[in-house]
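Here the structure is laid out as structure tokens; the discussion comes afterwards.
Please treat every number below as a calculation from the coordinates, not as lab data. The structure displayed is predicted, hence computed values, not measured ones. Don't worry about glycine lacking a Cβ; one is built from the backbone with ideal geometry, like all the others, and counts go over all protein chains shown.
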């Protein structure tokens, strides 16, 4: 029997949705919402109004946070699905702002096609940490407004990840 490691359980998806909605004050203010997560990819969206700047375009700080949250959410769903006892942090990031966004914010992130989730999970559990590089696109995937490259670090702790509480 072949096990699909990219499968994520609905409980983990709901926990991460809940964290985005009310567990992180910035994402709560930005009104970030997960609209799709199939285990291989994720899409988030946020309204333009709370994220605009004084010039009428999306604020660069909101876009940076939105991109970081997108990659974080994809990995966090997997850590919770596989009961990884630790936390996930952004270790390094690089962004290219290509054009202003003057409408609803949309983001997309997917694991690279050759990504070996099984090896990554083994390293996390045995070594206590591992990193993963992800790319995030904001705006239209075919004509992005921002591209983001981030390195996320999963760090193991003695206690398992507790269920997020409101």
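Between the helical axis of 60-81 and the longest alpha-carbon principal axis of the chain there is an angle of about 20 degrees.
Look at where the Cα atoms of the stretch 89-114 and of the stretch 3-49 average out, and the two centres are 15 Å apart. Ranked from largest, the principal axis spans of the Cα set of the stretch 1-75 equal 56, 19, 15 Å.
Taking the C-alpha atoms only, the angle from helix 117-127 to the longest principal axis of the chain is near 70 degrees. Within the listed set 28, 143, 45, the residue fluctuating most in the Gaussian network model of the chain (springs between alpha-carbon atoms under 10 angstrom) is 143. Evaluated at q = 0.17, 0.21, 0.26 Å⁻¹, a Debye calculation over the C-alpha positions of the stretch 71-166 (equal weights, vacuum) places log10 I(q)/I(0) at -0.80, -1.04, -1.34. Going by neighbour counts of Cβ atoms within 10 Å, the residues 105, 88 line up, fewest first, as 88, 105.
Helical runs assigned H by DSSP (4 residues or longer) give the chain a calculated mean residue ellipticity at 222 nm of -9000 deg cm²/dmol, each run adding -39500 (n - 2.57) before division by the residue total.
Across 58, 67, 91, mean-square fluctuation computed from a Gaussian network of the chain (C-alpha pairs under 10 Å connected) peaks at 91. Computed over the chain, relative contact order equals 26 percent, with contacts defined as Cα pairs under 8 Å that lie 6+ residues apart. Across 36, 54, 82, mean-square fluctuation computed from a Gaussian network of the chain (C-alpha pairs under 10 Å connected) peaks at 54.
Fewest to most neighbouring Cβ within 10 Å: what's the order for 72, 48?
In order of increasing Cβ crowding within 10 Å: 48, 72.
Can you give the Rg/Rh ratio of the chain, where Rg is from the C-alpha atoms and Rh is the Kirkwood radius?
Taking Rh as the inverse mean 1/r over Cα pairs, Rg/Rh reads 0.97.
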